[in-house]
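The values are calculated or read from the model by the stated rules, or taken from the named source; none is laboratory data. Predicted, not measured: the structure shown is a model, and the values here were computed from it. Every residue, glycine among them, receives a Cβ derived from its backbone with ideal geometry; neighbour counts consider all protein chains shown.
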Amino acid sequence: MQELDAVLELLAMLASDIRMPALLVLLVVAAVSDWRTYRIPNWLTFGGAFFALVYGTLAARTPTVGALSAFSGLGVGFAAMLPFYAIGIMGAGDVKLMAMSGAFLGPEQTLMAVLCTFIAGGVAALAFAIHRRRVGHMLANVKTAAQGMVVSSIAGIRPSAGIHANLSVGKLPYGICIAAGTVVEVLAHQLGYL
């Protein structure tokens, strides 16, 4: 009975603020698009971010606080994913999708959503590699990416961390992982777990 009350309270909270249903729809559309085409459309990420920034500014108690939260969340989402794009292991659409999600969530929730996304991405990558019987290749790629990040941070240069096509495990539509991680974070936050 207590679980039912928690679910009903969650649904009431989600329905009271248009941002969360809008974010959910945008994430589902992005995940489906990434699954089908390996692309996340700019109209979705830029349009969603614009909506979140405007609505977050206007719906807050004070516009300054709302704008600061929305822009900070956007910046946190962008900054968290940018290094992975810079070394070539993530696409620009993934970076923009996380930034858009951050504009909806604010900076603190965005950090947790990024963490949940990385966990979802790790699980998905491992399942994908196991399914394709390429776990050894995946581990070698992780080592190469980690070395590239270390070199980049020490030398301040962009390393050549591209993975050769014959070593690649395959393309993982990371928009699905971003959607899953963000939805888990929102639900956990609304239920009081995060």
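Here are a few things to note about the model shown:
- Residue that is modelled with the lowest pLDDT, among those in region 131-144 that are surrounded by fewer than 17 Cβ atoms within 10 Å (Cβ to Cβ) and among the aliphatic types (A, V, I, L, M): VAL142
- Filtered residue count, region 32-43, keeping only those that are touching a residue at least 12 places away in the same chain (Cβ under 8 Å) and either among the hydroxyl-bearing types (Ser, Thr, Tyr) or over 19 Å from LEU172 (Cβ atoms) (or both): 3
- Any hit, region 153-168, residues being modelled with pLDDT of 65 or more and either surrounded by 13 or more Cβ atoms within 10 Å (Cβ to Cβ) or among the basic types (Lys, Arg) (or both): no
- LYS96 passes every criterion in (1) of a type in the set (Lys, Arg); (2) more than 30 Å from LEU191 (Cβ to Cβ); (3) at pLDDT 80 or above apart from (2).
- Qualifying positions in region 85-108 - surrounded by fewer than 21 Cβ atoms within 10 Å (Cβ to Cβ) and either of a type in the set (S, T, N, Q) or part of a helix (DSSP H, G or I) (or both): TYR85, ALA86, ALA92, PRO107, GLU108
- Extreme residue, farthest from ILE87 (Cα to Cα), among residues of region 127-144 that are part of a helix (DSSP H, G or I) and basic (Lys, Arg): ARG132
- Scan of region 41-89 for residues that are of a type in the set (A, V, I, L, M) and within 19 Å of PRO21 (Cα to Cα), ordered by number: LEU44, ALA49, ALA52, LEU53, VAL54, LEU58, ALA59, ALA60, ALA70, LEU74
- Selection within region 68-115 - in contact with a Phe, Trp or Tyr (Cβ under 6 Å, 6 or more places away or on another chain) and β-branched (Val, Ile, Thr): VAL95
- Scan of region 1-26 for residues that are surrounded by 13 or more Cβ atoms within 10 Å (Cβ to Cβ), assigned to a helix (DSSP H, G or I) and modelled with pLDDT of 75 or more, ordered by number: ARG19, MET20, ALA22, LEU23, LEU24, LEU26
- Of residues in region 56-84 being of a type outside the set (Gly, Ala, Ser) and in contact with an Asp or Glu (Cβ under 9 Å, 6 or more places away or on another chain), the one surrounded by the fewest Cβ atoms within 10 Å (Cβ to Cβ): PHE84
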